[in-house]
Amino acid sequence: MDTSWLEYCATDEQLKMFNDNGYLVVEDAVTSAMVDQLEEVADRIDAEERVKTELAPHKLLSKFRTVVEDDLLLELLDNKKVFPLLWDILGWNIQLYISHLIMYPPEPADTPRVNKAAHWHQDGGRPIPEMERPHPRLSLKVSYWLSDVTHRDNGAMRLIPGSHKLDKLPPKPDPDKDPEGAIDLLVKRGTAVLFDRRMWHSRGWNFSDITRKVLFMGYSYRWLRGLDYNLMPQELLDKCAPIRRQLLGDGVNIKGWWQPTDADVPLKTWIAKHRGEKYVK
């Protein structure tokens, strides 16, 4: 339980940026040495999954439930430069609900050039059609970039700032182009980007000569079911301190997901002790 978290709590400016625009960029969220290690893990998972699923080398790999694949990924659960932002945005009653690795190799040389993004969408599954509108904030994701995406041809993620407040995709002035207000999210490896799951976003196209590598870690309220799991493997929980166990979905009993005690949510106790009771209401 790292007190250095306290150095990276959200500023008023960061909270305003996230609330107004729906995303927040954290440069150098992961050290260069750790990015190298994470990239090795990602490359290993990629190679294993391509053999297992007979996926062609040039096809995009989408691997869910990634956090169980290597202990190094547990270090991202409570990354000191990101985790305090999560609790300042969502509060203390949070869990990891999804871990998702995407490895996107370059498009084949004969692929036609495309201007518009691959697939504009909001994250969320069934809550999108089933909940009242406007949708409440239920979760957010953190994308950890393991490769440079400093040009749109690297397959840059595209998003529409402020669109987390919109139930419908903004209009497209041209069917062969992106909606109004769309931007390319250009980042260096080691950058983390937090974004509201309601944000309208899409993957761009990789017309470069390097593989686009990104790991998504999604956080939600504990009373939502996880997308990755029902219960994490006990051997994984046994490796973790109490706050990480909370983030991995652990709890005292089933009632604690709706009416948590302090034993269910050690993060609440930690914040109260180190920041004060006013932060845990």
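I need the full set of residues from the stretch 141-162 which are under 15 Å from PHE18 (Cα atoms) and either in a loop (DSSP other than H, G, I, E, B) or more than 17 Å from the chain's Cα centre (by Cα) (or both), in order please.
Answer for the stretch 141-162, where residues must be under 15 Å from PHE18 (Cα atoms) and either in a loop (DSSP other than H, G, I, E, B) or more than 17 Å from the chain's Cα centre (by Cα) (or both): ILE160, PRO161, GLY162.
Restricting to the stretch 262-273, name every residue that is of a type outside the set (Asp, Glu), surrounded by fewer than 18 Cβ atoms within 10 Å (Cβ to Cβ) and out of contact with any Gly (no Cβ under 9 Å at 6 or more places or on another chain).
Result: THR269, ALA272, LYS273.
In the stretch 20-34, is there at least one residue being modelled with pLDDT of 95 or more and in contact with a Cys (Cβ under 9 Å, 6 or more places away or on another chain)?
no
Here is a list: LEU236, LEU215, LEU194, LEU267. Which entry is farther than 19 Å from SER139 by Cα and outside any loop (DSSP other than H, G, I, E, B)?
Answer to the check: LEU236.
Filter the stretch 158-171 down to the residues that are surrounded by fewer than 24 Cβ atoms within 10 Å (Cβ to Cβ) and either closer than 14 Å to PHE216 by Cβ or of a type in the set (Lys, Arg) (or both) and list them by number.
Passing the criteria: ARG158, LYS165, LYS168.
Can you tell me which residue within the stretch 1-25, out of those that are within 24 Å of HIS274 (Cβ to Cβ) and of a type in the set (Phe, Trp, Tyr), is nearest to the chain's Cα centre (by Cα)?
PHE18
Confirm whether ARG137 is modelled with pLDDT of 90 or more, under 15 Å from the mean Cα position of the chain (by Cα) and of a type in the set (Lys, Arg). I'd like the intermediate steps shown before the answer.
On the way: modelled with pLDDT of 90 or more: yes; under 15 Å from the mean Cα position of the chain (by Cα): yes; of a type in the set (Lys, Arg): yes.
It is true that ARG137 is modelled with pLDDT of 90 or more, under 15 Å from the mean Cα position of the chain (by Cα) and of a type in the set (Lys, Arg).
Filtering the stretch 181-238 down to residues that are polar (S, T, N, Q) and in contact (Cβ under 8 Å) with a residue 60 or more places away in the chain, which residue is farthest from ALA109 (Cα to Cα)?
Ranking the candidates gives SER220 first.
Among what's in the stretch 213-248 and is within 18 Å of LEU76 (Cβ to Cβ) and charged (D, E, K, R), pick the residue that is surrounded by the most Cβ atoms within 10 Å (Cβ to Cβ).
Selected residue: LYS213.
Grab the helices (runs of 4 or more DSSP H) fully contained in the stretch 1-79, keeping just those with 1 or more residues being buried (at least 18 other Cβ atoms within 10 Å of the Cβ), small (Gly, Ala, Ser) and out of contact with any Asp or Glu (no Cβ under 6 Å at 6 or more places or on another chain). Full working, then the answer.
Values: elements: 12-21, 32-53, 74-77.
So the answer is 32-53.
The values are calculated or read from the model by the stated rules, or taken from the named source; none is laboratory data. Since the model is a prediction, treat every value here as computed from it, not as a measurement. Note that each Cβ is placed from the backbone with ideal geometry, even for glycine, and that neighbours are counted across all protein chains shown.
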